[in-house]
Amino acid sequence: MSDYDGLGAGYAAVHVGSAESALQAVAIGSSVDLLASLASELPVGVYTGSKGSRRSLPTPGYLLDPAGDGHGLADWMYQLLVSWLLRGNAFGTVLEQSRGYPTQITLHYPDSVTGWLGGNGVPEWSVDGKTVDLETFRHLRVNPMPGVVLGMSPVQRHARTIGLNLVATQFGLQWFTDGAHPGALLTNSEADLSDETVVRRVKDRFLAVIRGSREPLVLGKGWEYAPIQLKPEESQFLQTQGYSAADCCRIFGPGIAELLGYETGGSMRYTNVESRSAHVLVYALNKWLRRADRVLTSMLPDGQYARIDRDAVLQSTTLERYRAHHLALGDRWKTVNDVRADEELPPVTWGDEPNPVGGASGAGGDDGGPDDPEDGRP
């Protein structure tokens, strides 16, 4: 049984280095889930070349299910991001390879992996107590420190801040289960309470009555009973918890606290949804996406690379999107078919030619062409 399976553990017995205990803070769990969900649900493309010469390639079938277990890329990516966010390390075993690059990698639960330095100073690993083959084992770390093999998670870097939140939360829970205060006071201004036998007899008699017996309580001369009541908002340290919850969100990047509703009183204002999404993408999410890009690229042949589509995060309104299309067409750096592809519409026969200089396209039909007098184009 873990330290948190029951209510009897003292509120101070919070292991802030454990990611499972960190998840007790809703802010931590919400932040991790937000970043992992966003990263895992974004589409992935495979390309070759760079900048103007970049070409899109078909995504290999194995990359749509890297673990080969039938759960797909989104499930695998979520595991990868959660391992990084809560442990700072992800571990996997290559099950299949092709021409020197892995095509199937199963990820391990990080706590089942143990590492140590061998006699030659090279790290060795075991999974569930079994030594692994270093040729097929993969260690993917984030936030590395000089001279340290294992990476460091955001949780570990800010354990003290998270500990404040966890202690406050668990203390509030224990307050109502007699873990941090006496349930009531029995006082007597006349009796000599230096006799432990008398004190124990009175306490046992009192507890026997309140724990299920409906008999009247008889204590004797001078005894008074005074229950202790405390406001729930005081006992749970709501002000302290609210502040530290926002801090926990900030551990994972700027904008997370605001996005999850833990911080509403700041001076930053967003004019639209796209601006808020761009802020979170640039300052919080993108570094994790780049790391995931590199992992997926390592599973492709030389000369090819994977890239997670960031544009899918920047979901603008219909009007903003159409204005952007209009500008792209008018400035001749997109064609009609490019725009139609962005809107998931089929191409038209005349849509691969840039628009005439000086404006966007006319209102031609799908079957019209550049020389069709009814489509408004010369």
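Some points to look at:
- For segment 318-354, residues that are in a helix (DSSP H, G or I) and hydroxyl-bearing (S, T, Y) total 2.
- Subset of segment 108-128 [in a loop (DSSP other than H, G, I, E, B) and under 17 Å from L85 (Cα atoms)]: Y109
- Residue within segment 70-86 that is surrounded by fewer than 19 Cβ atoms within 10 Å (Cβ to Cβ), small (G, A, S) and touching a Leu at 6+ places or on another chain (Cβ under 8 Å) present: yes
- Near pairs, Cβ below 9 angstrom, 6+ apart or cross-chain, from segment 103-121 (free of Cβ contacts under 8 Å to residues at least 60 places away in the same chain) to any residue that is surrounded by fewer than 14 Cβ atoms within 10 Å (Cβ to Cβ) and in a strand (DSSP E or B): Q104/E96; G115/P123; W116/P123; L117/P123
- Taking the criterion of being in contact with a helix residue (DSSP H, G or I) (Cβ under 9 Å, 6 or more places away or on another chain) and among the basic types (K, R), the only residue of segment 66-124 that qualifies is R87.
- Residue count, segment 31-68 (criterion: in a strand (DSSP E or B), surrounded by 17 or more Cβ atoms within 10 Å (Cβ to Cβ) and under 23 Å from the mean Cα position of the chain (by Cα)): 1
Yes or no, residue by residue, for (1) within 14 Å of V155 (Cβ to Cβ); (2) modelled with pLDDT under 90; (3) small (G, A, S):
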| site | (1), (2), (3) |
| --- | --- |
| A12 | no, yes, yes |
| A27 | yes, yes, yes |
| A36 | yes, no, yes |
| G52 | no, yes, yes |
| L63 | no, no, no |
| A67 | no, no, yes |
| L73 | no, no, no |
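- Single match in I162, I105 (criterion: within 26 Å of S40 (Cα to Cα), of a type in the set (V, I, T), buried (at least 19 other Cβ atoms within 10 Å of the Cβ) and at pLDDT 90 or above): I105
- Per this entry, P370 is not counted among residues that are modelled with pLDDT of 80 or more and either exposed (fewer than 14 other Cβ atoms within 10 Å of the Cβ) or part of a loop (DSSP other than H, G, I, E, B) (or both).
- Summed over segment 235-268, the residues that are modelled with pLDDT of 50 or more, assigned to a helix (DSSP H, G or I) and hydrophobic (A, V, I, L, M, F, W, C) give a count of 8.
The values are calculated or read from the model by the stated rules, or taken from the named source; none is laboratory data. Treat the numbers as computed from the prediction; the structure is a model and nothing was measured. So basically every Cβ, Gly included, is an ideal-geometry build from the backbone, and we count neighbours across all protein chains shown.
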